[in-house]
Amino acid sequence: MKVRFNRWYNAVIAALLAMLGYESCSKSELVEYGCPSADYQVKGSVTDLTGTPIPGIRIEAPYGSVVDSQFGQIVQTDAQGQFSLKEFSNLKGIEIVVEDIDGEANGGEFLNDIINVEKLPKTQVEKGSGWYQGKFEVNANIRLKKKK
């Protein structure tokens, strides 16, 4: 009687679990917990619409978005219109502010711009392993329009 009850009980439980979508996992299915991460270096240049580099343009990264810095950062383009920001640990929702702060100097007055860094092209420069996906370089070539 007890054996018959155990068989019936096991069949009912197996049927219920199958209806609920439970199944056993094989040894080949490994589950890892964590969050993928990567480092992003934002580099680029600022030019006018004709391709002439613009020195002295202010590039500002937002507060709290830069690795190892709680204050964000501000850089200026060099004589060739080039700039480089510190590494970001995440690009989601990151925007940089591009602002002409020198007025008529360096080729005239230019309109300010806000760039969504997440949408810019990325190139992997260093491979990662596990959850760390490596280092990426983000290419931010910005073209500013002159004020009228």
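How much of the accessible area of the chain, probe 1.4 Å, is carbon plus sulfur, in whole percent? The partial results should precede the final answer.
Details: 5660 of 10540 Å².
That share works out to 54 percent.
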Note to self: Kirkwood Rh of the chain, Cα pairs, one decimal, Å, is 19.2
Ignoring the sites themselves, what is the longest stretch of the chain with no GluC sites (Glu not before Pro) in a DSSP loop and at most 11 other beta-carbon atoms within 10 Å?
-> 33-103
With every protein chain in place, what's the accessible area of Tyr9 (1.4 Å probe, Å², nearest 10)?
-> 110
For the stretch 101-107, in order, what is each residue's ³J(HN,Hα) by Karplus, 6.51 cos²θ - 1.76 cosθ + 1.60 with θ = phi - 60°, in whole Hz (x at glycine and Pro)?
-> 9, 9, x, 6, 5, 6, x
Pair Met19, Lys147: separation of 7 Å Cα→Cβ label points (nm) = 7.3
Under 16 Å from the Asn112 label point (7 Å along Cα→beta-carbon), backbone N, the stretch 75-105 = 75-76, 95-104
Given R₀ = 22 Å, FRET efficiency for Gln82-Ser129 by Cβ-Cβ distance, to 0.05?
-> 0.10
Apply 1/(1 + (r/R0)^6) to the Cβ-Cβ distance of Val75 and Cys35, taking R0 = 25 Å, and write down the FRET efficiency to the nearest 0.05.
-> 0.30
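The values are calculated or read from the model by the stated rules, or taken from the named source; none is laboratory data. Since the structure is predicted, the reported quantities are computational estimates derived from the model, not experimental observations. Every residue, glycine among them, receives a Cβ derived from its backbone with ideal geometry; neighbour counts consider all protein chains shown. Quick note on the areas: whole protein, heavy atoms, side chains included, nothing else; ligands and nucleic acids left out. Shrake-Rupley method; radii C 1.70, N 1.55, O 1.52, S 1.80 Å.
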